[in-house]
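Undergrad: Provided herewith is a single structure, encoded as structure tokens, for subsequent inquiry.
All of the numbers you see were taken from the coordinates with simple rules; none came from a lab. Bear in mind that the values here come from a model prediction, so they are computed numbers and not experimental data. Every residue, glycine as well, gets a Cβ built from its backbone with ideal geometry; the counts of neighbours run over all protein chains shown.
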Amino acid sequence: MSPEPKVLQFNDCAFVARSMVSAAQRAGLDWDYLPPELVRPMTAAPHNALLAKARFVPFVARRMLRLRHAEIVHVHYGTSVRLIKERAMPQRPYVLTLHGTDIRKQWKDPQFHGEIQRAIDGAAHVFYANTDNQGDATSARPDAEFLPSLVDTARLPRWQPAGRPQVMFISRWDDDKGVGRQLTLAGELAKALVGKADLVGLNWGPGAAQAETLGIRLLEKMPQDAYHQQLSRSVVGIGQASNYFSTSEFEALCMGLPVAALGTRLPRPDDGTTPPVMEGDISEVVQQVVDAVSDPLAASSRLAGQNWAIPRYSADNYVPRLQELYRRVALG
């Protein structure tokens, strides 16, 4: 076995695995990466049964090849484990990161529970990526550890508001993101910011159409770099209306963008801190956003979100810890 184990980052969620691989490269490590579009077909199956089966052939062959060259596999998302355990696949020890819906919803669903629990039980080590998953993850696996949704800070553009002031809703419009409360906030902000700032959000999720009727200009889904550019031009970002944040909110914080969100966030399991954002009930958040729009640089300086986020979410800071874990797993 080589001094440094050959690591394959398998599948991805919100580009977290890609961020890890980029950070590893900067540290002189060569982790392999198999993104979702190379793991399994992403398009609807043909009606022809033979063609439907045949389209899996290149994906199966690719998985076999990459697993053959790996010594450790870090699997991202619980249901992806089945893809490395299929018959004829080279068997490798694996680390598993639970990224949210797999442990938050599917683990509790009788249709998926057995599969998710087997994936958890079979892992050499288990991480969970969201603060709200701590109870479920440690119930399923008592030694599960928190590993946040990591960000490739080297890839992020500089926060530099430009043009007419823009307030951007960061996340998609669905239940996981607190869409009901978010739509109420959107309506209040639309009234409070008339003539002061444009409101934009993604055309993504079941609540998107209603958001548009409330005055939110919808942006079509776009490549990640283009999305980051939109964030970097905004004066304020509106985070999801839930008790936890996801990768996009942490990317915004790492840029230095002032972020606002309804309610409060759960503390991190490791250091007990919470994101430094403008928060509270609807009236409190609306007033803070209006104030921040008038002086976003002062809001960013006061919140100091970048100073908090980069040490805690930059993937570069976690590579040594992960590599040490991979060494231990490789040694058995």
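Undergrad: Summing -39500 (n - 2.57) over the DSSP H runs of n ≥ 4 in the chain and dividing by its residue number, what mean residue ellipticity at 222 nm do you reach, to the nearest 500 deg cm²/dmol?
TA: Computed ellipticity for the chain at 222 nm equals -12000 deg cm²/dmol.
Undergrad: Let me ask another. Note down the net charge around residue 123, summing +1 for each Lys or Arg and -1 for each Asp or Glu among other residues with Cβ under 15 Å from its Cβ.
TA: So the environment of residue 123 carries a net charge of +1.
Undergrad: Compute the acute angle (0 to 90°) between the alpha-carbon long axis of helix 179-192 and the principal axis of greatest extent of the alpha-carbon atoms of the chain; round to the nearest 10°.
TA: The two axes meet at around 30 degrees.
Undergrad: So what's the angle, to the nearest 10 degrees on a 0 to 90 scale, between helix 16-26 and the longest Cα principal axis of the chain?
TA: So the helix axis and the longest Cα principal axis differ by about 80 degrees.
Undergrad: Next question. Between 0 and 90 degrees, rounded to the nearest ten: what's the tilt of helix 282-294 against the longest Cα principal axis of the chain?
TA: Between the helix axis and the principal axis of the chain, the angle is about 80 degrees.
Undergrad: Under 11 Å from a label point 7 Å along Cα→Cβ of residue 217: give me every residue in region 184-205 with its amide N that close.
TA: 197-201
Undergrad: Taking square-rooted eigenvalues a ≥ b ≥ c of the alpha carbon gyration tensor, is the chain rounded, prolate or oblate, where a/c under 1.5 means rounded and, failing that, a/b exceeding b/c means prolate?
TA: Verdict is prolate for the chain.
Undergrad: Dipole magnitude of the chain about its Cα centre, charges +1 at Lys/Arg Cβ and -1 at Asp/Glu Cβ only, in debye to the nearest 20?
TA: 1040 debye
Undergrad: Counting only trypsin sites (Lys or Arg not before Pro) that are in a DSSP loop and have at most 15 other C-beta atoms within 10 Å, tell me the longest site-free stretch of the chain.
TA: Free of exposed loop sites, the longest segment is 222-332.
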